[in-house]
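Single-structure report; data block below.
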Amino acid sequence: MSRLYTFFGKPALFSLDAETAHGLSIMALQLGLHPRIAANPDPRLAVSIAGLEFPNPLGMAAGYDKNGEVPNALLKMGFGHAEIGTVTPRPQPGNPKPRIFRLQSDQGVINRLGFNSKGHEQARANLLSRTDKSGIVGINLGANKTSTDFAADYVSGIHKFADLATYFTVNISSPNTPGLRALQKADQLSDLLQQVGEARKIEAAKQGRSIPLFLKIAPDLEDPELDDIAEALTKSDAEALIVSNTTLARDGLTSVNRDEVGGLSGKPLFERSTVVLAKMRLRLPSDFPLIGVGGIHNADTAFAKIEAGASLIQLYSGLIYQGPELPGAILNGLRKRCDAEKLTSISQVVGRSAQDWAKIKPS
């Protein structure tokens, strides 16, 4: 299927505007037109974090399945978890189109979607309609652009989805919602995590289980800001950190769309996001799990994220350029690395290159 995608599927999709192509890919998954990875997961790739048992470290990042329409299909493709969203309390259209731009020579993507979302009610209905409710499905929560209280929007999401989410991600790192990234600052972040934590306690009592909470940050933070985030996390009850969202940097790009406004993802994000991942690995307790996102497009980049400090990894933009067999190829490559290094668990290499990565100054 990879050759079919390269010679037929990719040219066809790339002949369309990016957002139309994205919609068609969702439709294809709804129809079952996707590769399937057989059961029998390799136990060496299993990962335990935040009280959850992941069959492998690879997940679908938020941003693809925004409204929870195809999590089951994503899990069948080989992903060990699928993160839907970002979901906002009220439906909102997002920014004017066009708002997604391929950077083909750089294998990157710039988007300024602006949290386009059908809202909590539609996402909840979609998740309730899942015929198979097994598997790890996280819900990435966001705030409405017109909200006067961002924290209240996140709290609303906790209450709305507590009976459906395997875990929650608080997304405060999108560059396309004005004022949102300010929540990464020390005082605002501590207050946000406290409010969300209180909502989780209420829901834990109702549901009879505690739903893990992850935080997602930007890759464009300076060292003092990373210090503040690390301190806030250690004082909160959050269970993991996702590094990172898209970047505003444009260094080294060659594509015609390089100057479009929005967040950059794909290959050009790999180094920057991995450096920040490593820096956070060194700032947080060794047992605090990190999830590495940004620029993963093959098994080597996936393994590098793990060596830099990630217990889990996620991708999205890589699928656009590599096709739907990418999850299977990455998992096969990780198995080969386990063979080559005689690993009994992929977790044995988590963070072993963090010191080296943290010294790199992104170009």
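Just so it is clear, none of the values below were taken in a lab; they were calculated from the coordinates. If you're wondering where the values come from, they're calculated on a predicted model, not measured in any experiment. Neighbour counts are summed over all protein chains in view; Cβ atoms, including those assigned to glycine, are modelled from backbone coordinates with ideal geometry.
Considering only S173, I100, T146, whose Cα is most displaced toward the positive end of the charge dipole of region 90-181, charges sitting on Cβ of Lys, Arg (+1) and Asp, Glu (-1)? With unit charges placed on the Cβ atoms, the residue in question is I100. Adding -39500 (n - 2.57) for every DSSP H run of four residues or longer, then dividing by how many residues the chain holds, sets the calculated 222 nm ellipticity at -11000 deg cm²/dmol.
You can think of it this way: the chain between A340 and D259 has 25.0 nm of extra reach, that is 0.36 nm per residue less the Cα-Cα gap.
When the listed pairs K267/K361; K118/K185; K145/K201 are checked against a 25 Å cut-off, the alpha-carbon distance exceeds it for K118/K185; K145/K201. Fully extending the segment from K185 to A204 would add 4.1 nm, taking 0.36 nm per residue of separation and subtracting the current Cα-Cα distance. Counting only DSSP beta bridges whose two residues both lie in the chain, roughly 30 percent are antiparallel. Among 63-75, 300-312, the peptide with the highest mean count of other Cβ atoms within 10 Å heads the list, and the full ranking is 300-312, 63-75.
Using a cutoff of 8 angstrom between alpha carbon atoms and counting only pairs six or more residues apart, the relative contact order for the chain works out to 18 percent. Taking A143, A165, A152 as the candidate residues, the one with maximal mean-square fluctuation in a Gaussian network model of the chain, Cα springs under 10 Å, is A152. What the pair-distance distribution of region 178-305 shows, using all Cα-Cα distances binned every 5 Å from zero, is 2, 10, 19, 19, 18, 14, 9, 6, 2, 1, 0 percent. Oblate is the label for region 74-189, because a/c, from the alpha-carbon gyration tensor with a ≥ b ≥ c as root eigenvalues, is 1.5 or above and a/b does not exceed b/c. Seen through its C-alpha gyration tensor, with square-root eigenvalues sorted a ≥ b ≥ c, region 262-334 comes out oblate because a/c lies at 1.5 or above while a/b is not bigger than b/c. Only Lys, Arg, Asp and Glu carry charge here, each on its Cβ (+1 for the first two, -1 for the last two); on that basis the chain has a dipole of about 740 debye about its Cα centre.
Multiplying the residue separation of S105 and N298 by 0.36 nm and removing their Cα-Cα distance gives an extension gain of 67.8 nm.
For L113, L226, L31, the sequence from fewest to most other C-beta atoms within 10 Å is L31, L226, L113.
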